[in-house]
Amino acid sequence: MPALPTPPARIRDIVVVGGGTAGWMAAAALSKVMGTQAYTITLVESELIGTVGVGEATIPMITMFNSVLGIDENEFVRETNATFKLGIEFAGWRREGHSYFHPFGQFGVDMDGINFNHYWLRWMQAGGGTDHGRFNAETEAARQGKFGRTGDGRSPGLPNINYAFQFDASLYAAYLRRYAEKRGARRTEGQVVKVERNGQSGLIESLLLKDGQAIRGDLFIDCSGFRGLLIEETLQAGYEDWSHWLPVNRAAAVPCAKVEDPVPYTRATAREAGWQWRIPLQHRTGNGYVFCDQFISEDEAARLLMTRLDGAPLAEPRILRFVTGRRRKSWIGNCVALGLASGFMEPLESTSIHLVQVGISKLLAMFPKGGFNPLITDRYNAEMEADYVNIRDFLIAHYKITEREDTPFWRYCKSMSIPDSLATRLEIFRTRGEAMVVHHELFKEQSWFAVLMGQGLTPVDHHPVADLLSEDELKLRLAKVRTSIQDRVNGLPGHQQFIDKNCRSAAG
C-alpha cells in the first residue's frame with residue numbers, strides 16, 4: 001500500500017507588516033475569528049513611519065465588520081469622535097450651482113419584480129416631479145439633519161435607515177489596536193530592513209528589523225502603505241495604473257475647527273482641478289482638496305483649500321501623493337496585501353476602508369490551513385480585481401458624465417475615453433434606466449441611479465413592466481411610498497440630538 005503524502009506544515013504564525021487602519025483592522029479580525037490559541041498574530045510597525053490616515057468616511061458595510069468583531073457601536077462612536085453618515089452630497093459636479101445626493105438606501109420599494117426606479121422614471125417622463133430624493137428616506141433625513149437607528153420591528157411598513165460612519169481614522173486604528181491586543185495579538189516596534197525568502201519556494205520566511213530582531217512567519221500580511229514593502233519591493237507584483245481615467249494624483253488635507261452641529265453626510269465639492277471633501281466629526285471637520293498636479297500646483301491647491309474652510313485651520317495642510325490603480329496581484333505565495341499596499345482608489349465614494357474590509361473577509365473565507373494552493377490565490381486575486389474594477393468604473397462615471405467644461409481639468413474629463421465595461425453600462429442606463437448590476441458588485445442599482453441621474457444622464461425609457469399599472473394606480477403607489485418615507489423621517493431625532501443622547505465623545 002503506497003504511503004500517504006505528508007500534509008504541509010500547518011500555518012501558525014501570522015505577521016502583519018504596518019499598522020494604521022489596514023493593519024489593525026487585519027489584526028483585530030484575525031484575533032477575533034482565528035483566535036490566538038492556535039495562531040500567533042504579530043503586528044510590526046514603527047512610530048517613525050507615519051500613516052496616511054485620510055479615510056475618515058465609510059460606507060454601510062463597516063457595520064458588518066464591527067458586528068463580526070462584536071463591537072459596541074455607541075462605545076466605538078464615542079472612542080473615535082464619530083458621527084453618522086447617510087450618504088454623500090455632490091456639489092458642482094454636474095455644473096456649478098447644482099448638487100445631488102447619493103444615499104445609502106433604496107429609492108421607494110421594488111414592485112412587480114422590477115426596481116422602483118422604473119416606476120419613478122415613468123412618472124417623471126409623464127410630467128411628474130424631478131426630485132427622486134423625495135422617495136428615499138436617507139436623502140430626506142440628511143436634508144433635515146436627522147438620524148436614528150431603525151429596523152427594530154417597532155415601526156412595521158416604514159423604510160429602514162441605512163448608515164455608515166465618519167470618524168477619526170487614527171483613533172479608529174488605536175481603538176482596534178486595543179481590541180486586538182486584548183485578544184492576544186502582539187505589537188512589535190521596529191523598522192523592517194531586510195526580507196528573508198526561502199531559496200527554493202520563494203516564500204517569505206522572516207523579517208529582519210533595524211534593531212537586529214528577526215520576526216519569523218508562515219503568513220505575511222502587507223499593510224505597509226503605498227510602498228508595498230512585501231508585495232511590490234520584495235515580490236514585484238506590478239501595478240496597474242488607472243490615472244488616464246482617474247487623473248487626480250494629489251491631495252492636500254487639513255482639519256479645521258467645528259463651527260456647527262455636524263451634518264449626517266459627507267460633502268464632495270467639485271473644484272477647478274478636482275474636488276474637495278468635507279467630513280464632519282464630533283470635535284472637528286476634516287477637509288481635503290483632491291487634485292491633479294497637471295492642472296494646478298501643490299502650493300496653489302493648498303492655498304485654495306485654506307481659503308475654503310468653514311472654521312479655523314487646526315494644522316498646516318499636508319500633501320499626499322498617489323497613483324490611482326491596483327497591484328496586479330494582491331496575494332502572492334504567502335503574502336497578502338491590504339489597504340494602500342494593495343491599491344489606491346481616491347476617497348470620492350469612501351471605499352478605501354471598505355476595500356480593506358473586503359480583502360480581510362476574502363482572506364478569512366479562503367484562509368489556508370497548511371501550504372498555499374495557487375488555485376485559491378488565483379481566485380482571491382480575481383475577486384479582488386473585480387471589486388477594484390467595479391469601483392473604478394463607478395468613480396470614472398462621476399467625471400465623465402458632466403456638463404462642466406469651464407476648466408482644462410473638466411474639459412479633459414468630459415472628453416476622455418473610458419473603459420468598454422463602463423461605456424456599455426452607461427449606454428444600457430441611457431436607453432432603459434438600469435445599470436445591469438451583478439451580485440458581487442459593491443455599487444447596486446440605486447447607487448448607479450443616484451449618481452448617473454445626478455450627473456445628468458437621464459434615461460430615455462424604462463422597463464416595460466412599469467407601463468402595466470394604470471396612471472391612477474401608479475400615483476397611488478407613489479403616494480404611499482412618499483407617505484411612509486415622511487412618517488419615517490418625521491419620527492427621527494436630530495443628528496446631534498441622537499449623538500448627545502447615545503454616544504457623545506469627551507471631545508465632542
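This table checks each residue for (1) outside the structural domain of ARG134 (by TED's automatic domain parsing); (2) of a type in the set (Ser, Thr, Tyr); (3) under 21 Å from the mean Cα position of the chain (by Cα).
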residue: TYR412; (1), (2), (3): no, yes, no
residue: ALA423; (1), (2), (3): no, no, no
residue: LEU426; (1), (2), (3): no, no, no
residue: PHE449; (1), (2), (3): no, no, yes
residue: VAL460; (1), (2), (3): no, no, no
residue: ALA466; (1), (2), (3): no, no, no
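How many residues does region 325-370 hold that are assigned to a loop (DSSP other than H, G, I, E, B), of a type in the set (Gly, Ala, Ser) and either on the phi < 0 side of the Ramachandran plot or not assigned by TED's automatic domain parsing to the domain that holds ARG216 (or both)?
So the answer is 2.
On the given criteria, is GLU89 among the acidic types (Asp, Glu), part of a strand (DSSP E or B) and touching a residue at least 24 places away in the same chain (Cβ under 8 Å)?
Considered against the rule, which asks whether it is among the acidic types (Asp, Glu), part of a strand (DSSP E or B) and touching a residue at least 24 places away in the same chain (Cβ under 8 Å), GLU89 comes out as yes.
Inside region 408-448, can you point out the residues that are modelled with pLDDT of 95 or more, touching a strand residue (DSSP E or B) at 6+ places or on another chain (Cβ under 9 Å) and not in a helix (DSSP H, G or I)?
Result: no residue meets the conditions.
Do you know which residues across region 307-317 are closer than 21 Å to GLU346 by Cβ and either touching a His at 6+ places or on another chain (Cβ under 7 Å) or free of Cβ contacts under 8 Å to residues at least 60 places away in the same chain (or both)?
Within region 307-317, ARG308, LEU309 meet the criteria.
Of (1) within 20 Å of the chain's Cα centre (by Cα); (2) surrounded by 14 or more Cβ atoms within 10 Å (Cβ to Cβ), PRO419 satisfies all except one. Which?
For PRO419, the exception is condition (1).
One residue is enough: does region 190-211 have a residue meeting the conditions touching a helix residue (DSSP H, G or I) at 6+ places or on another chain (Cβ under 6 Å) and in a helix (DSSP H, G or I)?
no
Which of the residues that make up region 132-167 are acidic (Asp, Glu) and either touching a strand residue (DSSP E or B) at 6+ places or on another chain (Cβ under 7 Å) or at pLDDT below 95 (or both)?
Listed by number, the residues that qualify are GLU138, ASP152.
Please enumerate the residues belonging to region 272-295 that are over 29 Å from GLN496 (Cα atoms) and either among the hydroxyl-bearing types (Ser, Thr, Tyr) or surrounded by fewer than 23 Cβ atoms within 10 Å (Cβ to Cβ) (or both).
If the condition is that a residue be over 29 Å from GLN496 (Cα atoms) and either among the hydroxyl-bearing types (Ser, Thr, Tyr) or surrounded by fewer than 23 Cβ atoms within 10 Å (Cβ to Cβ) (or both), then GLU272, CYS292, ASP293, GLN294, PHE295 are the ones that fit.
When residues of region 3-20 are filtered for being surrounded by 24 or more Cβ atoms within 10 Å (Cβ to Cβ), modelled with pLDDT of 95 or more and not in a strand (DSSP E or B), how many remain?
The number of residues fulfilling the criteria is 1.
Could you tell me how many of the residues in region 194-235 are loosely packed, with under 14 Cβ neighbours inside 10 Å, in contact with a Leu (Cβ under 6 Å, 6 or more places away or on another chain) and farther than 28 Å from GLN37 by Cα?
The number of residues fulfilling the criteria is 1.
The values are calculated or read from the model by the stated rules, or taken from the named source; none is laboratory data. What you see is a predicted model, and the numbers here were worked out from it, not measured in a lab. Please note: Cβ atoms are built from the backbone with ideal geometry, for glycine as well, and neighbour counts cover all protein chains shown.
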